[in-house]
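Data block below; observations after.
The values are calculated or read from the model by the stated rules, or taken from the named source; none is laboratory data. Predicted, not measured: the structure shown is a model, and the values here were computed from it. Glycine also receives a Cβ, built like all others from the backbone with ideal geometry; neighbour counts cover every protein chain displayed.
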Amino acid sequence: MNKLILRGRVLTFVEEPTSIDDQSAYNYFEDGAVLVEDGKIVDVGEYAAIAPVAADAKIVDHRPNLIMPGFIDTHLHFPQTQAIASYGAQLLEWLNTYIFVEEQKFSSTAHADFIAGRFMDELLRNGTTSAVAYCSVHRESVDAYFTAAEQRGMLMIGGKVMMDRNAPDALRDTPQSGYDDTKALIAKWHGRGRAHYAISPRFAITSTPRQMEMSQALVREHPECYVQTHLSENRDEIAFATSLYPSAKDYTDIYAGYCLLGEKMLLGHCIFLSDREISVLAETKSVAVFCPTSNLFLGSGLFDRDRFRSLGARISVATDVGGGTSFSMLETMSEAYKVLHVQGQRLSPFASYYMMTLGNARALGLEDRIGSLRTGGDADIVVLDSKAKPAMELRMRTATTLAEELFILQTMGDDRSVAEVYVAGKPMKSRIDTATPQVK
Ligand code: GUN
Ligand code: ZN
């Protein structure tokens, strides 16, 4: 028997909420059920309606917890798992002092395999079932990443970072080897099971014009792949990047000049863009990725969501581990709320949960597969406990609405609030490893 009914309070979005209590944006079933078969969602609705038509299904009773689509993280770095919380530096110094040292460890396939497994498990412990990550410059790190995802059945996006200057020798590829390795990895992984490849020139500072040309060729030859890079995160970075490409109008124009922008492009940070640059992102349908914990931790700046909105540009949200300080999308949205609040911008609880699920799925063009609980979609599901900590339980005693509960869960919750997580219909929590000793 492979039919499963998950019973609980079911919440899923169908649209982006346009106001704080926009009830047309979501479906909520107080005594709800998700019927799962062979890794897919067969039905979603009232338990009383679904149970009789699936009498042969195994029932897992998650009441009173909330059942939602698994969270999606649109930007993080798998080789930085053990470099989170590195003290005291802003972007360029932080990269040179900590990150470029840490990423060299991934020349060891044993180390890459070990961290890849722990990285996937950490995502799952936090309720994240799909993510877009940078691997290291080493080809084998991509094999480690997609193998670990495949072992768990996860829909993951990623790619080998390309970088051929302004980094230690041991982390530099060349325009040709970056191209060749990326081609080979796309052939090996893109479309295998649930894997998607992301062509990944790190940023303008670490790629020569020749490597940008090779990236352009890769994007032209593989329009099916994602593209990811970093844009306008820090003022020193912007000055350095634009000095390396003096004929570009601005930082965005560097990437535009190599035809890298488009609806598959994910641009991390985008903090200091001019209206012109945001308009170019809007015209090309590129996605600006808001990384609140990272932007605060690295002292980078504040993402101005409302300017992206008013100029019609697409956005998504992400942890950016290890510049980001948590794998938890709940903690990430708690910081997003604060980043926007301090600028006089509002982020409603419903808008937050939309962003972590359907919003991020739409940013990836994967909304027919992940990000919502819908018939025919993949059964990637998170079960959330709003009373997971004593202080949350106390606070929840005074909550009277779903919006209030969601906000408490986001503001006070973390991995402890994830009661269960399903990947393609399989419960994963009991399989998560936190005990394997370090492998070098
Ligand atoms: N810009 C280029 N590389 C990185 C990185 O690894 N992290 C962050 N936050 N910004 C970057
Ligand atoms: Zn990043």
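Things worth noting here:
- The set of residues from the stretch 61-94 being away from ligand 1 (no atom under 14 Å from the Cβ) and surrounded by fewer than 18 Cβ atoms within 10 Å (Cβ to Cβ) comprises D61, R63, P64, Y87, G88.
- Set D173, D164: member being in contact with a helix residue (DSSP H, G or I) (Cβ under 9 Å, 6 or more places away or on another chain), in contact (Cβ under 8 Å) with a residue 40 or more places away in the chain, among the acidic types (D, E) and buried (at least 20 other Cβ atoms within 10 Å of the Cβ): D164
- In the stretch 313-324, residue surrounded by the most Cβ atoms within 10 Å (Cβ to Cβ) [restricted to those that are β-branched (V, I, T) and more than 12 Å from ligand 1 (Cβ to nearest atom)]: V317
- No other residue among F303, F290 is of a type in the set (A, V, I, L, M, F, W, C), touching a strand residue (DSSP E or B) at 6+ places or on another chain (Cβ under 6 Å) and free of Cβ contacts under 8 Å to residues at least 40 places away in the same chain apart from F303.
- Checked against the criteria, H138 counts as without any contact (Cβ under 8 Å) to a residue 40 or more places away in the chain, in contact with a helix residue (DSSP H, G or I) (Cβ under 7 Å, 6 or more places away or on another chain) and either buried (at least 21 other Cβ atoms within 10 Å of the Cβ) or in the same structural domain as T109 (by the TED database) (or both).
- Annotation note: of L273, L266, L231, the sole residue that is crowded, with 23+ Cβ neighbours inside 10 Å and away from ligand 2 (no atom under 16 Å from the Cβ) is L273.
- Residues being out of contact with any Lys or Arg (no Cβ under 7 Å at 6 or more places or on another chain), of a type outside the set (K, R) and more than 25 Å from L231 (Cα to Cα) - total across the stretch 107-123: 10
- Flag if A288 is among the aliphatic types (A, V, I, L, M) and more than 16 Å from ligand 2 (Cβ to nearest atom): no
- Residue list for the stretch 286-312, restricted to those being assigned to a loop (DSSP other than H, G, I, E, B), away from ligand 1 (no atom under 16 Å from the Cβ) and within 18 Å of the chain's Cα centre (by Cα): S286
- Residue match in the stretch 353-363 (condition: surrounded by 20 or more Cβ atoms within 10 Å (Cβ to Cβ), within 16 Å of ligand 2 (Cβ to nearest atom), under 24 Å from L123 (Cβ atoms) and within 15 Å of the chain's Cα centre (by Cα)): yes
- Of all residues in the stretch 253-275, none satisfies being within 27 Å of S136 (Cβ to Cβ) and of a type in the set (S, T, N, Q).
- Taking the criterion of being within 15 Å of ligand 1 (Cβ to nearest atom) and of a type in the set (S, T, N, Q), the only residue of the stretch 98-135 that qualifies is Q104.
- N295 within 16 Å of ligand 2 (Cβ to nearest atom), surrounded by 22 or more Cβ atoms within 10 Å (Cβ to Cβ), more than 24 Å from Y98 (Cβ to Cβ) and not assigned by the TED database to the domain that holds D22: no
- Options Y258, Y251; residue that is under 27 Å from L171 (Cα atoms), over 23 Å from the mean Cα position of the chain (by Cα) and away from ligand 2 (no atom under 16 Å from the Cβ): Y258
- Residue match in the stretch 415-422 (condition: surrounded by 20 or more Cβ atoms within 10 Å (Cβ to Cβ) and in contact with an Asp or Glu (Cβ under 6 Å, 6 or more places away or on another chain)): yes
- Failed item in (1) touching a residue at least 60 places away in the same chain (Cβ under 8 Å); (2) buried (at least 24 other Cβ atoms within 10 Å of the Cβ), with D236 passing the rest: (2)
- If you go through the stretch 196-211 and keep only what is surrounded by 21 or more Cβ atoms within 10 Å (Cβ to Cβ), more than 16 Å from ligand 2 (Cβ to nearest atom) and either among the small types (G, A, S) or under 16 Å from P175 (Cα atoms) (or both), you end up with just Q211.
- When L92, L76 are screened for being outside the structural domain of D385 (by the TED database), aliphatic (A, V, I, L, M) and in contact with a strand residue (DSSP E or B) (Cβ under 6 Å, 6 or more places away or on another chain), only L76 passes.
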